[in-house]
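The values are calculated or read from the model by the stated rules, or taken from the named source; none is laboratory data. It should be emphasised that the depicted structure is a prediction, and the values quoted were computed from it without experimental measurement. FYI the Cβ positions are ideal-geometry reconstructions off the backbone, even for glycines, and counts take in every protein chain you see. Ligands, DNA and RNA are stripped out before the accessible areas are found, and what is left, the full protein with its side chains, is counted by its heavy atoms. Shrake-Rupley method; radii C 1.70, N 1.55, O 1.52, S 1.80 Å.
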Amino acid sequence: MSCTSQCSEQQENDIHKDAKTWQPLQELLAQYRGKKGSLVAILQGVQTIYGYLPQQVMDYIADTMKIKPAKIYGVATFYTQFRLKPVGKYHILLCQGTACHVNGSERILTAISEELKIKPDETTSDGLFTLDCVACLGCCSLAPVMMINGQAHGPLTPDKALRIIRGLTAQEQQACEGGSN
Amino acid sequence: MKIRIGLGSCGIAAGALKVKESVEAEIQERKLEIEVQSTGCIGMCHAEPLLDVIDEQNKVYSYGYVTPKVVKQIFADHITGQSPVEQYLISAPEKDCDFLAGQKRVALRNCGIINPESFQDCIEHKGYQALKRVVTEMTPEEVISEIKQSGLRGRGGAGFPTWFKWDAARKNPGDAKYIVCNADEGDPGAFMDRSLMEGDPHSVLEGMALAGYAVGANQGFIYCRAEYPLAIQRAELAIKQAEERGLLGKNIFGSGFDFEISIKQGAGAFVCGEETALIASLEGERGMPRLKPPFPAQSGYWERPTNINNVETYANVPWILVNGGKAFSAMGTDKSPGTKVFALAGKIKRGGLVEVPMGLSLREVIFNIGGGIKDDQKFKAVQMGGPSGGCIPEELLDTPVDYDSITQTGAIMGSGGMVVMDENTCMVDLARFFLDFTQTESCGKCVQCRIGTKRMLEILERICDGEGREGDIELLEEIAVKVKEGSLCGLGQSAPNPVLTTIRYFRDEYEAHIRDKKCPAKQCKALITFQIDPEKCHGCGTCARKCPAKCITGEKKKPHVIDQDLCLKCGTCLDACPSKYRAVTVE
Ligand SMILES: Cc1cc2nc3c(=O)[nH]c(=O)nc-3n(C[C@H](O)[C@H](O)[C@H](O)COP(=O)(O)O)c2cc1C
Ligand code: FES
């Protein structure tokens, strides 16, 4: 269960040694080397590779691309898309846009937070779920909406949202039991 | 015979891919020769997934709320049996659809009709005709003059005359000039630009190329928010298709005009919709707005003259150049010519995208086209312009939708989001919601915006929490003026609008919160309690099982009670209680 957190620690320790991410990182940096104004695109690329922006990678980019670490950190914290912590296996984007708000998205948030015992922007201790609130997924006519790993669900009620999440939890438990046999 | 399936984001979210699979399976099973096409969003998002059957005479039968089961029925009765399935039919040759009847589609002319991934479809629907004629027959000045005649005003919010910006960017000197398409669509509750990019990307590209020709730019960027992956994917494909055929790139139509377009993804910041912040973000910086002038048309991307327009603005341009500026200005009103796309959402029966001539009344849009309020509740207000806009109450429903009339109500036209609210929406909570949004999204550069919105939010939170004080309303009004006056960009200048309009039209609701500690709409958690009526409760236990806080107890078949100390006030019990009992109440 603690696998995800261990892996990410390993990544933190030696980004150079993990061939799976090292190669794509080099390709990414090569693509943007010498092109001015590419910092946002570089960080987006890093997040695609690692799922978040590891501190070590940001330092590494500062070093090799000759950008001030403060500037990288400034950009990374300015935009909501960038994450400084790893995400869980299931990334829940709960819409809190206007249409979803007037259709009761607050209640969905209360129910999910209570069920998973996490607040927005947090990940469950087993590394399974990360909850993020976003403003409008563009599916306003299905409000209230949440998106889990790219799949939109709506219109939600607290009950329906919990059923979806419990379904995923059950699926994981089964996989776990199946795996240990 | 053809079958067409709506595969926009909303359709896919509603299950359109499953519908497509079952259509393909039926065709195979029945060994039929039917072409299956996918298309973008026609705008009837409330009825998704949508499926059209187009017969040999090109007559279109549109079905809504389609599931794999309905597909089976359509194949059995309509396709092989020749009699349409009335129950799911939303429009047919002899059956007009209220939703589409009052509309006039210019920007959305191809959305929901063509296959956005098919270049052939684009060409058959007059794609790139305007560009061909313009670059081979017209001078840039003539293009600008045609746009001037159309009276087209920017669809991104402020409604600035498009020709004027083009003219300025053309006349300002620079060794390079740029065209930017603003597809950041930050207003939560609006999705016009997404649908346009998903449903008809070539029209946007063509509009940008035309602007490039008029301004003298050879490079264009689409700045699209990352939350719209499908829009980005379709625009990328469209760029590739156009490049392969020489409609973008070098020497377009042999005219010597070069124009290329690339896509840049936003990274999630509302303020990046503001044009100077957008440029900073394009340059890889934090998206902080700066003082204007210089305007982007003078000094924009890398300090070169840059023209920024909204997606919908560009989508109108090819139509204008094919049909003439006069045809465009013949629609709409004197000062707001043409049509405008609106995203109808919230408590509306038929939510979706509508495009109407400017000057139609709000009532016509919301009731005739949108079908009125969901669950036959009573209309309370419509929010226009998102976080920069305001709420328009029932007594102003006959206001015509055009830039100037809407501004007079205290709201703004904005990009076209219309969120409809019924009696169950608390206007104080709504103001708090928007302030929470703008306060989080404020980039922090201006003190008044950074700190003023924070103070306003605190006051609104305290009113919603039942801790409001006498004088709070006046204090809100006072800070609002300071924030408006002391902010550099549109975000701060307009952030107080939702608060000011709700105070203007719903002051009694603020007073009820502050003086009587009551929330008339029964939404503010601190001011309501959920209760179970022991007379009505049959002890079925449904609510107790569903309560996420596990705070409902009681013996089987005996009245249950809610532990008020543990209650989260999520309202799950209210939904869960079977309608034959209705034992849960809110006070
Ligand atoms: C805070 C803020 C957010 C904005 N967001 C958007 C947006 O999401 N999309 C857009 O087209 N314009 C947005 N605008 C307006 C742009 O600054 C600019 O006026 C517009 O893109 C110009 O295009 P137009 O003339 O075609 O309307 C925003 C403005 C402000 C102040
Ligand atoms: S407001 Fe939630 S999807 Fe648009």
Next item on the list: Run the numbers on segment A:3-78 and let me know its relative contact order in percent, using alpha-carbon pairs under 8 Å that are six or more apart.
Entry: 26 percent
Checklist line | For segment A:90-179, with +1 on Lys and Arg beta carbons and -1 on Asp and Glu, the positive-most of A:GLN173, A:ASN149, A:THR124 along the dipole | finding: A:ASN149
Checklist line | Shape call, segment B:119-329: gyration tensor on alpha carbons, a/c limit 1.5 | finding: rounded
Notebook entry, point to check: What is the protein assembly as shown by shape, rounded, prolate or oblate, if you read a ≥ b ≥ c off the alpha carbon gyration tensor as root eigenvalues and call it rounded for a/c under 1.5, prolate for a/b larger than b/c, and oblate otherwise?
Noted result: rounded
Margin query: Placing unit charges on C-beta atoms (Lys and Arg positive, Asp and Glu negative, everything else neutral), compute the dipole magnitude of chain B about its Cα centre in debye, rounded to 20.
Written below: 640 debye
Item checked: Theoretical FRET efficiency, 1/(1+(r/R0)^6), r = Cβ-Cβ of B:ASP516 and A:SER125, R0 35 Å, to 0.05 -> 0.20
Check: Along the charge dipole of the protein assembly as shown, Cβ charges K/R +1 and D/E -1, which of B:CYS489, B:PRO400, B:MET331 sits furthest on the positive end?
Finding: B:CYS489
Checklist line | Number of partner chain Cβ atoms within 10 Å, mean per residue of A:75-83 | finding: 5
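At a Förster distance of 30 Å, what's the computed FRET efficiency of A:THR48 paired with B:LYS18, Cβ-Cβ distance as r, to 0.05?
Efficiency, from the Cβ-Cβ distance: 0.60.
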Next item on the list: Treat each spin label as a single point 7 Å out from the Cα along the C-beta direction, and report the B:LYS126 to B:LYS72 distance in nm.
Entry: 4.4 nm
Notebook entry, point to check: In debye to the nearest 20, how big a dipole does the protein assembly as shown give about its Cα centre with +1 on each Lys and Arg Cβ and -1 on each Asp and Glu Cβ?
Noted result: 460 debye
Item checked: Buried area at the A-B interface (accessible, heavy atoms, 1.4 Å probe, summed, Å²) -> 3700 Å²
Check: For the pair B:GLN233 and B:GLU283, what calculated FRET efficiency results from E = 1/(1 + (r/R0)^6), where r is the Cβ-Cβ distance and R0 = 30 Å, to the nearest 0.05?
Finding: 0.75
Notebook entry, point to check: Do any trypsin sites (Lys or Arg not before Pro) in segment B:180-274 lie in a loop, going by DSSP, with at most 15 other beta-carbon atoms within 10 Å of their beta carbon, and if so which?
Noted result: B:ARG245
Notebook entry, point to check: Label B:LYS557 and B:GLU244 with points 7 Å out from Cα along Cα→Cβ: what is the distance between them in nm?
Noted result: 7.1 nm
Notebook entry, point to check: Taking the simple approach of a point 7 Å from Cα along Cα-to-Cβ for both B:ASP533 and A:GLN171, what is their distance in nm?
Noted result: 4.1 nm
Next item on the list: At a Cα cut-off below 13 Å, give the aspartates and glutamates reachable from B:LYS374, other chains included and same-chain residues fewer than 8 away excluded.
Entry: B:ASP422, B:GLU423
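About the Cα centre of segment B:339-422, how large is the charge dipole given +1 on each Lys and Arg Cβ and -1 on each Asp and Glu Cβ? Please answer in debye to the nearest 20.
Computed about the Cα centre, the dipole is about 280 debye.
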Check: List for segment A:148-176: residues with 40 Å² or greater reduction in accessible area, all protein chains versus chain alone, probe 1.4 Å?
Finding: A:ASP159
Item checked: segment B:366-513 shape via C-alpha gyration tensor axes, a/c threshold 1.5 -> oblate
Notebook entry, point to check: Percent relative contact order of segment B:324-407, based on C-alpha pairs within less than 8 angstrom and at least six residues apart?
Noted result: 25 percent
Check: With every protein chain left in place, what is the accessible area per residue of the protein assembly as shown in square angstrom, probe 1.4 Å?
Finding: 42 Å²
Next item on the list: On the protein heavy atoms, probe 1.4 angstrom, tell me the percent of accessible surface of the protein assembly as shown carried by carbon and sulfur.
Entry: 49 percent
Notebook entry, point to check: What is the sum of charges around B:ALA297, taking Lys and Arg as +1, Asp and Glu as -1, for the other residues whose C-beta is under 11 Å from the C-beta of B:ALA297?
Noted result: +4
Note to self: Please check segment B:6-20 for residues whose accessible area, probe 1.4 Å, is lower by 50 Å² or more when all protein chains are in place than in their chain alone.
What the structure shows: B:ALA13
Item checked: chain B, relative contact order in percent, only Cα pairs under 8 angstrom and at least six apart counted -> 12 percent
Checklist line | Burial of 50 Å² or greater, segment B:393-437 residues [accessible area, probe 1.4 Å, versus chain by itself] | finding: B:PHE433
Notebook entry, point to check: Where in chain A are the DSSP H helices whose alpha-carbon span along the long axis reaches 18 Å or more and whose Kyte-Doolittle mean is at least -1.0?
Noted result: A:19-32, A:158-180
Item checked: Computed [θ] at 222 nm, deg cm²/dmol, the protein assembly as shown (DSSP H ≥ 4; -39,500 (n - 2.57); rounded to nearest 500) -> -12000 deg cm²/dmol
Check: Which percent, to the nearest 5, of DSSP beta bridges fully inside chain B are antiparallel?
Finding: 60 percent
